[in-house]
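Notes follow once the structure below has been shown.
The values are calculated or read from the model by the stated rules, or taken from the named source; none is laboratory data. Here the structure is a predicted model, which means the values were calculated and not measured. A quick note on method: Cβ atoms are made from the backbone with ideal geometry, for glycine too, and the neighbour counts reach across all protein chains shown. We work out accessible area using only protein heavy atoms, side chains counted, and drop any ligands, DNA or RNA first. Shrake-Rupley method; radii C 1.70, N 1.55, O 1.52, S 1.80 Å.
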Amino acid sequence: MRITLALVGLLAATACSPSPATPPANDAAATSTGPTETAAAANGDAAPNIAAPKRQAGLWTFSHVATNGDELWTDKLCVGEKSEGGYSAFRQIGNGGDCTARNFTRTPDGYRYVTVCGVPGMKPVTTNGTLTGDVRTGYTLDEVLDLSVGGDNQKIVARHTGACPADLTDGQMKDGKMGMVYSVLMR
C-alpha cells in the first residue's frame, strides 16, 4: 500500500480540530500519540493529531476499489504489535512520503481527515477523506486527492481476514500490484 499511495499521491493532514462527537462502537483510540509516532514526528514526519484505534492482530487486506465498484488490486499486511506502533491505521494514510500534517476528527461513523504529504522536489498532495467502520475489524477509506483540478477519488476497503500466513511476519506487506513483499517498518 505504501508504494501504491506514493504512486497515487502522497497524503497528509491540514488543520482540523478534534470534534466532540462520540466515536463509533469498539473505538479504543488512546488519548495521546504513542512513543513511536512521537519519535517519527521529531524526524520530520508529522504524527496524527490523535492516536489511532488499534487494529486486530493478524492478516489485513486492503482492496483498492474503482468508482464503478470493481476491485482493482488488494494489498496484504501482517499486523502485530510492532507494526501498530509505527504504522497504525492513521499513519498508513499518507505513507510513502513525509507528511507535514495528519489531522483526524471523530465523527459518528468513524473519522474525517485531511493529510498533506509529499516527497522532496514534488508538490505535496492534500487528501480529504473519511474512515468509516470499526478500525479493529474492518473499515473503508473514501478519499479525494488534489492531484488534478477536479480531484482524484480513491476508495480502500480494509478487512481483518484471520491469522498471518507463514510467509508474512509482523510489519510485512505484500503489494497486490507487483507481488513484492516489503517491511512497512523500514521507513
Being surrounded by fewer than 17 Cβ atoms within 10 Å (Cβ to Cβ) and small (Gly, Ala, Ser) is the filter; apply it to the range 155-187 and report the residue that is nearest to residue 70 (Cα to Cα). 179
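Yes/no matrix, rows are residues, columns are (1) touching a Ser or Thr at 6+ places or on another chain (Cβ under 6 Å); (2) open to solvent by 30 Å² or more (accessible area, probe 1.4 Å); (3) farther than 17 Å from residue 183 by Cα; (4) modelled with pLDDT under 90:
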{"residue": "58", "(1), (2), (3), (4)": "no, no, no, no"}
{"residue": "62", "(1), (2), (3), (4)": "no, no, no, no"}
{"residue": "67", "(1), (2), (3), (4)": "no, yes, yes, yes"}
{"residue": "74", "(1), (2), (3), (4)": "yes, yes, no, no"}
{"residue": "81", "(1), (2), (3), (4)": "no, yes, no, no"}
{"residue": "95", "(1), (2), (3), (4)": "no, no, no, yes"}
{"residue": "104", "(1), (2), (3), (4)": "no, no, yes, no"}
{"residue": "110", "(1), (2), (3), (4)": "yes, no, yes, no"}
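Restricting to the range 83-93, give me the number of residues that are open to solvent by 10 Å² or more (accessible area, probe 1.4 Å) and touching a Leu at 6+ places or on another chain (Cβ under 8 Å). Please lay out each step first, then the result.
Quick first cut of the range 83-93, residues open to solvent by 10 Å² or more (accessible area, probe 1.4 Å) only: 84-86, 91.
Keeping just the survivors that are touching a Leu at 6+ places or on another chain (Cβ under 8 Å) gives 86.
Counting residues in the range 83-93 that are open to solvent by 10 Å² or more (accessible area, probe 1.4 Å) and touching a Leu at 6+ places or on another chain (Cβ under 8 Å) gives 1.
Counting only residues that are open to solvent by 70 Å² or more (accessible area, probe 1.4 Å) and assigned to a strand (DSSP E or B), how many does the range 137-154 have? Write out each step before concluding.
Residues of the range 137-154 open to solvent by 70 Å² or more (accessible area, probe 1.4 Å): 147, 149-150, 153.
Keeping just the survivors that are assigned to a strand (DSSP E or B) gives 153.
Summing the residues that are open to solvent by 70 Å² or more (accessible area, probe 1.4 Å) and assigned to a strand (DSSP E or B) in the range 137-154 gives 1.
Give 144, 135, 119, 114 a once-over and let me know the one that is under 24 Å from residue 57 (Cα atoms), of a type outside the set (Gly, Ala, Ser) and in contact with a strand residue (DSSP E or B) (Cβ under 9 Å, 6 or more places away or on another chain).
135
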Given (1) at pLDDT 90 or above; (2) under 17 Å from residue 182 (Cα atoms), number of the condition residue 86 does not satisfy: (1)
Exception for residue 99 within (1) closer than 21 Å to residue 53 by Cα; (2) modelled with pLDDT under 95; (3) outside any strand (DSSP E or B) falls at (3)
For the range 146-166, which residues satisfy the criterion of being without any contact (Cβ under 8 Å) to a residue 40 or more places away in the chain and closer than 24 Å to residue 54 by Cβ? 166
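Regarding the range 116-135, can at least one residue be identified that is in a loop (DSSP other than H, G, I, E, B), at pLDDT 95 or above, β-branched (Val, Ile, Thr) and surrounded by 23 or more Cβ atoms within 10 Å (Cβ to Cβ)? Spell out how you get there, then give the answer.
In the first step, residues of the range 116-135 are kept if they are in a loop (DSSP other than H, G, I, E, B); the result is 119-124, 135.
Checking which are at pLDDT 95 or above leaves us with 135.
Pick out the ones that are also β-branched (Val, Ile, Thr) and you get 135.
With the extra rule that they be surrounded by 23 or more Cβ atoms within 10 Å (Cβ to Cβ), the set shrinks to 135.
Yes, because at least one residue in the range 116-135 is in a loop (DSSP other than H, G, I, E, B), at pLDDT 95 or above, β-branched (Val, Ile, Thr) and surrounded by 23 or more Cβ atoms within 10 Å (Cβ to Cβ).
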